[in-house]
Amino acid sequence: MGNGCSSPSIALTTISATSPFQSQESPSNYLNLCSPTRFLEPHLLKSSKIFIPKSPLKCAKVHKMQTQVEDFAKPIFDPHDIDPKLVQKLANDALVWCSLRGLLVGDRNSERSGTVPGVDMVHAPVALIPMSFPESHWKQACEVAPIFNELADRVSQDGEFLQQSLSRTRKVDPFTSKLLEIHSKMLEINKIEEIRLGLHRSDYMLDEQTKLLLQIELNTISSSFPGLSCLVSELHRSLLQQYREDIASDPNRIPANNAVNQFAEALAKAWNEYGDPRAVIMFVVQAEERNMYDQHWLSASLRERHQVTTIRKTLAEIDALGELQQDGTLVVDGQVVAVIYFRAGYAPSDYHSESEWKARLLMEQSRAVKCPSISYHLAGSKKIQQELAKPNVLERFLENKDDIAKVRKCFAGLWSLDESDIVKDAIERPELYVMKPQREGGGNNIYGEDVRDALLKLQKEGTGSDAAYILMQRIFPKISHSILMREGISHKEQTISELGIYGTYLRNKTEVVINQQAGYLMRTKVSSSNEGGVAAGFAVLDSIYLV
């Protein structure tokens, strides 16, 4: 599990000393699109053909294509076959659409773009044509989302499990150690989070050989792009409609995506459960945030749909301006905070001094609703993901056998570095593994020959530093053709993609207020790149076309 922003094969894992995988082929590169980092206006909801899911376990309704074979969806054609002149028209119309609708990020070439809204904006990196995706796997990902929501909540409540599972990691990873220190303090004072809010995103890749949908991670902190992902779905629907005679595709096969409003609804209901109409929702943000517009879409939805006020503060500002009243009320810059929504604080780079850690502890001690709480944050760590994949561990948290089977079906191979047979195999066949540290935000994983070098170095040192890593089965997704556009320039590429399914979860004591699938994020990147953060410049935002 992990955080993220960013975004899909070798056979499914079989635990074996000599052959942990059923196949030794490695046709493509693994993709881990993690990055740091829409509210649909009512008139758009009325005028657009958007179908919002009514049940947490059902995905958006998709109309059949009007073809001679009604019950078979025609796949979208190869984007690389599109005439260059048509590509230029698509690109131009997409740029206009992005500018008019707010599908924007700050320009990384401008210092002010990350601090001053409305200054030096550029279109978000996007694909011009949606990515084909099997409808059966889409439905599977939607169906399992509420189960993962419940699982994260239950794991977060098991303090002993979190502390024990991460005990070795804390000795060699200072960041995890600091998080566990705060968690320990909350356990010591018996701090109870009666209102628990989770805004999650479970990321998957589709294994090309087995056709299995395998989970990359479950993000429990700063699950970014709920705002911009909705816009990309609309952009693609608009382009396919406009160029329907040139591109023989049905725009209605792009699923509805209402992630931003569903995130806003969960935040607003948590605010309502807190019970103070004067209080605000506080976004914890980075000092320079070029992905601020994704966050501002959430603020706009909260303001216009729920009449809830939001404020934005960095960890340093919270330390300087925050105070904890005797009854646990958190006041920041004179305003009572009902809900704390973290879009920062997931990586060591967000903690520049002890000031930021003081702010994190202050917030954790308060009675404000934390999204996530420190226990939710830890529940999303990669080591916990690996622990949950062990035999009989899911049964500690879930009772329903069908739910357990559905979750386990999504697990790729995951191992700790104290499993000597697996480590030996990873040294011999490093191309089949990925080494993952307890880090979020992308750019931290180890691939290929570097896996062998890292493992041999850790064995030579013998300091126990291996506890800071896990090994994961390297997934080899199908290579597809895409047209990617960044900084106004479009180009055809061979790509791989990752699907992220958002989930919203809210519980007040024993009552589950919300538990549902809440939209999706598709990210696509050049197949030759290991890392793939959108904000980091590797991946682009995409949507899916059901086939």
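When the accessible area of the range 380-527 is computed with all protein chains present and a 1.4 Å probe, what percentage of it is carbon and sulfur?
Working: 2600 of 5710 Å².
The value for the range 380-527 is 45 percent carbon and sulfur by accessible area.
When the convex hull of the Cα atoms of the range 153-299 is projected onto a plane and the area is averaged over all directions, what value comes out in nm²?
For the range 153-299, averaging the hull's shadow over all directions gives 14.2 nm².
How much of the pair distance distribution for the range 131-227 lies past 21 Å, counting alpha-carbon pairs only, in percent? Could you put the intermediate results ahead of the total?
Working: 2302 of 4656 pairs.
Above the 21 Å cut-off, the range 131-227 has 49 percent of its Cα pairs.
Report the equivalent ellipsoid semi-axes for the range 72-211 in whole Å, largest first, defined as the square roots of five times the eigenvalues of the gyration tensor built from alpha carbon atoms.
Values: eigenvalues 350, 134, 45 Å².
Computed over the range 72-211, the values are 42, 26, 15 Å.
Report the gain in length on full extension from GLU419 to LYS358: 0.36 nm times residue separation, minus Cα-Cα distance, nm rounded to one decimal.
Working: separation 61, 0.36 × 61 = 21.96 nm, distance 3.70 nm.
Answer, rounded to one decimal: 18.3 nm.
Which cross-chain or sequence-distant (5 or more) residues have an amide H under 5 Å from the amide H of VAL513, H modelled 1.01 Å from N in plane?
LEU506, ARG507, ASN508
Work out, in µm²/s and without decimals, the Stokes-Einstein translational diffusion coefficient of the range 356-408 at 37 °C, 0.692 mPa s, Rh from Kirkwood over C-alpha pairs.
Working: Rh = 13.2 Å.
For the chosen part, D equals 249 µm²/s.
In whole Å, how far is the Cα centre of the range 370-384 from that of the range 264-328?
Here the two parts' Cα centres lie 19 Å apart.
So, with a 1.4 angstrom probe, what is the percent of accessible area on the range 266-332 that is carbon and sulfur?
On the way: 1240 of 2900 Å².
The nonpolar share, carbon plus sulfur, comes to 43 percent.
Counting Lys +1, Arg +1, Asp -1, Glu -1, what net charge surrounds VAL122 among other residues with beta carbon under 15 Å of its beta carbon?
On the way: positive: ARG101, ARG108, ARG112, ARG290, ARG486; negative: ASP107, GLU111, ASP120, GLU289, ASP294, GLU487.
Summing Lys/Arg as +1 and Asp/Glu as -1 gives -1.
Based on alpha-carbon positions alone, could you give the equivalent ellipsoid semi-axes of the range 305-447 from the gyration tensor, as √(5λ), descending, whole Å? Numbers along the way, then the final one.
Details: eigenvalues 282, 84, 33 Å².
Equivalent ellipsoid of the range 305-447: 38, 21, 13 Å, largest first.
Here are some pairs, LYS424/LYS457; LYS171/LYS457; LYS171/LYS390; LYS139/LYS436; LYS178/LYS406; LYS409/LYS525; which of them have Cα atoms lying more than 24 Å apart in this structure? Intermediate values should be presented prior to the final figure.
Numbers: LYS424/LYS457 13 Å; LYS171/LYS457 18 Å; LYS171/LYS390 22 Å; LYS139/LYS436 28 Å; LYS178/LYS406 34 Å; LYS409/LYS525 26 Å.
Among LYS424/LYS457; LYS171/LYS457; LYS171/LYS390; LYS139/LYS436; LYS178/LYS406; LYS409/LYS525, the Cα-Cα distance tops 24 Å for LYS139/LYS436; LYS178/LYS406; LYS409/LYS525.
In the range 487-514, which residues have a backbone nitrogen under 12 Å from the label point lying 7 Å from GLU194's Cα in the Cα-to-Cβ direction?
Residues 508-511 qualify, since their backbone N sits under 12 Å from the label point.
Need the full-extension length gain, ARG101 to ASP83, defined as separation in residues times 0.36 nm minus the C-alpha distance. One decimal, nm. It would help to have the intermediate numbers written out before the result.
Numbers: separation 18, 0.36 × 18 = 6.48 nm, distance 2.66 nm.
Fully extending the segment from ARG101 to ASP83 adds 3.8 nm.
Lys and Arg at +1, Asp and Glu at -1: add these up for the other residues within a Cβ distance under 14 Å of ILE189 and post the number. Mind showing how you got there, number by number?
Values: positive: LYS185, LYS191, ARG367; negative: GLU181, GLU188, GLU193, GLU364.
Local charge sum for ILE189: -1.
What accessible area per residue, rounded to a whole number of Å², is obtained for the range 65-211 using a probe radius of 1.4 Å? Intermediate results must be reported in sequence, preceding the final value.
Values: 6800 Å² over 147 residues.
Heavy-atom accessible area per residue stands at 46 Å².
Mind computing the radius of gyration and Dmax over the alpha-carbon atoms of the range 309-372? Å is fine for both.
My reading of the Cα-based Rg and Dmax gives 10.9, 32 Å.
Shape verdict for the range 387-538, please, from the Cα gyration tensor: rounded (a/c under 1.5), prolate (a/b greater than b/c) or oblate. Working shown, then result.
Working: a/c = 1.98, a/b = 1.02, b/c = 1.93.
In terms of gyration-tensor shape, oblate.
Output wanted: per-residue J couplings in Hz (rounded whole) for the range 490-500, from phi through Karplus 6.51 cos²θ - 1.76 cosθ + 1.60, θ = phi - 60°, x for Gly and Pro.
Coupling constants for the range 490-500: 9, 8, 7, 9, 7, 9, 10, 9, 9, 9, x Hz.
Can you work out ³J(HN,Hα) from phi for every residue in the range 402-415, in order, using Karplus 6.51 cos²θ - 1.76 cosθ + 1.60 and θ = phi - 60°, giving whole Hz and x for Gly and Pro?
5, 4, 4, 5, 5, 5, 5, 4, 7, 6, 7, x, 9, 9
Please give me the summed charge of the neighbours of TYR243: other residues whose Cβ is under 9 Å from its Cβ, Lys and Arg +1, Asp and Glu -1.
Details: positive: LYS89, ARG244; negative: ASP93, GLU245, ASP246.
Spelling it out: positives minus negatives among the neighbours equals -1.
Using the heavy atoms of the protein chains and a 1.4 angstrom probe, tell me the accessible area per residue for the range 295-357 in square angstrom.
Numbers: 2670 Å² over 63 residues.
Accessible area per residue, the range 295-357: 42 Å².
The values are calculated or read from the model by the stated rules, or taken from the named source; none is laboratory data. Small disclaimer: the values here were computed from a predicted structure and weren't measured. Every residue, glycine as well, gets a Cβ built from its backbone with ideal geometry; the counts of neighbours run over all protein chains shown. To get the accessible areas, we keep the full protein, side chains included, count just its heavy atoms, and leave off ligands, DNA and RNA. Shrake-Rupley method; radii C 1.70, N 1.55, O 1.52, S 1.80 Å.
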